[in-house]
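In what follows, a single structure is set out as structure tokens and then discussed.
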Amino acid sequence: MTPVPTTATANALGRRGPALVVLCFVQFMLVLDDNVVSVALPSMRQDLGFSAAGLAWVVNAYFLAFGGLLLLFGRMTDLLGRRRVFLAGVALFGVASLICGLAQEPWQLVTGRFVQGTGAAMASPAALALITLLFPGTQERAKAFGIWGGIAALGGTMGLVISGALTGLASWRWIFLINLPVALAAVLLLPRLVPESRAGRAVRLDIRGAVLGTGAVVSLVYGLLRTGASDWGDTAVVGPLALAVILTVAFVVAEARSAEPLVPLSFLSFRIRAVANGATLLFSAAMYAMAFLLMVHLQTVLGYRPLTAGVAYLPYGAGILVGMWLSSRAVLRLGMRPALVMSFLISAAGLLLLSGVAPSDGYASGVLPGMLVTSLGCGLSLPALTIAALTRTTEENAGLGSAVLSSVQQVGGAVGVAVLVALASRRSDTPTATGGFSLALTVAAALLTLGAVLIGTLLGKNHNPEDALDAAESPAGRANHT
């Protein structure tokens, strides 16, 4: 490969503040499209003539491509160049958004959503890798991840509000067309703010590992998505999940034998990253399920219209922002392990408060207190988890580390929604009836408590985060990674 700027050069030449703003707003756009279609689905069905089964793929096509292709494009980010892959992904996402906004047939909208997910799978790990390299110091990286995570969390919260407003006041098509100015600005501005960076040595892409790894994740996500329309024992669910297990085993064997693997097993066995990704899996499962169940609760139990329910969800975003603001301070003052244990337990307490909400309880007295406590813990957790999951990533593997984290988040979310919503539905006639709603959120709280135990026992005992990272790289630390 041709020589490219080092991290130090990127720090010297890159305009880091403006670059962070551009990367954050792109991430806002990508996360926004996770759920921006939810409120607009009835209008899409009426205008384009979707069947009930086909309508679900407006949502599922995005998740399938986004979650399934992250590992492949994360590694390509390191090999081909982070800025190049980021710009290609944003451009592809913009073109796909235009296709979605102009769609006249159901297949056109579903195809556009799949291409959107592909663009997101390219841009998201590349953006996180660029931030990791632009902000190498522990303190500045914690602050950068706090800003990045806060904007991303706002995207997840604002998706329902923006969707309701645009669908009600204009047309559902505008929920896609509003992406175009953001994508165009990113493509024009980022090349002037950040130099190119890639792995410093010439390597070949592990095609066999790419096919097996991508196939395993796609099969897993597809099987989990099918649980929304089929029972767990149905062939449509069991088949893809069994295939995912087979492909995962084949992937591990292939990577162990490959001279230049797609995901080196030593990368996955690094203890701090392994614990952080395991905790992220539990965290994402709990939080995605909570968000789904709470939004349905607001609309079915409290009787809120979609836009009103979205507005009622805004305090959750505010709580996340407060938690994000406190997170870097907590990590630097307390250390990584105590800060994460505390944040997980705060969110677990909030979920337990929500699990006690009765159908007769109003918003202010019933839902709001638990929502605020949960969101505060969520905001405290996200930057710290990101820092831990990207510990000691370098010019060689920053994109891979970002892709593994993003993939774990997507898979964890799919697992959480599939399992906990199904659990709630089987306990009651509807997911938000008292018994099912309470049981699912109690299980979600138990998952976060398990995550706190995992972090507390395995992450490491160092008080200072920089000392913890240094110890992890020492001979004794490397001996304990596995």
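Please treat every number below as a calculation from the coordinates, not as lab data. All figures in this text were calculated on a predicted structure; none of them were measured in a lab. Quick reminder, even Gly has a Cβ in these numbers, built from the backbone with ideal geometry, and neighbours come from all protein chains shown.
Note that the range 360-365 has calculated 3J(HN,Hα) couplings of 7, 6, x, 5, 5, 8 Hz, one per residue in order, obtained from phi through the Karplus relation 6.51 cos²θ - 1.76 cosθ + 1.60 (θ = phi - 60°); glycine and proline are x.
Distance between the pseudo-spin-label points of Leu169 and Val95 (7 Å out from Cα toward the beta carbon): 3.2 nm. Please report the spacing between the Cα centers of the range 287-317 and the range 337-410 in Å, no decimals. Their Cα centres are 18 Å away from one another. Sorting Tyr222, Tyr363, Tyr304 by the number of Cβ atoms found within 10 Å of their own Cβ, with the fewest placed first, yields Tyr363, Tyr304, Tyr222.
With the cut-off at 1.5 for a/c, could you classify the range 16-59 from its C-alpha gyration tensor as rounded, prolate or oblate? It is prolate, given that a/c is not under 1.5 and a/b is the larger ratio.
Shown is the FRET efficiency for Ala318 and Ser51, computed with R0 = 45 Å from the Cβ-Cβ distance and rounded to the nearest 0.05: 0.70. Listed by Cβ neighbour count within 10 Å, with the fewest neighbours leading, Leu189, Leu420 appear as Leu189, Leu420.
Taking 37 °C and 0.692 mPa s as conditions, the range 167-248 diffuses translationally at an estimated 192 µm²/s according to Stokes-Einstein applied to its Kirkwood radius (Cα pairs).
Pairwise Cα separations in the range 303-452 fall into 5 Å bins from 0 onward with the following percentages, short to long: 2, 9, 14, 18, 21, 15, 10, 6, 3, 1, 0, 0. Over the residues of the chain, the helix contribution to mean residue ellipticity at 222 nm works out to -27000 deg cm²/dmol, using -39500 (n - 2.57) for each DSSP H run of at least 4. Both the radius of gyration and Dmax for the range 207-263 are 12.8, 42 Å, in that order, over alpha-carbon atoms.
So for the range 319-429, averaging the separation of alpha carbon pairs under 8 Å that are six or more residues apart and normalising by length, what relative contact order in percent results? Contact order relative to length: 32 percent. Scalar couplings 3J(HN,Hα) for the range 103-111, obtained by applying the Karplus form with A = 6.51, B = -1.76, C = 1.60 to θ = phi - 60°, are 4, 10, 10, x, 5, 5, 5, 5, 4 Hz; x denotes Gly and Pro. Overall form of the chain: rounded. Here a/c, set by the Cα gyration tensor axes a ≥ b ≥ c, is under 1.5.
Could you tell me the distance between the Cα centroids of the range 243-270 and the range 206-241, to the nearest Å? What the calculation gives is 17 Å, centre to centre. Each of Thr374, Thr280 was scored by other Cβ atoms within 10 Å of its Cβ. Listed from fewest to most, they are Thr280, Thr374.
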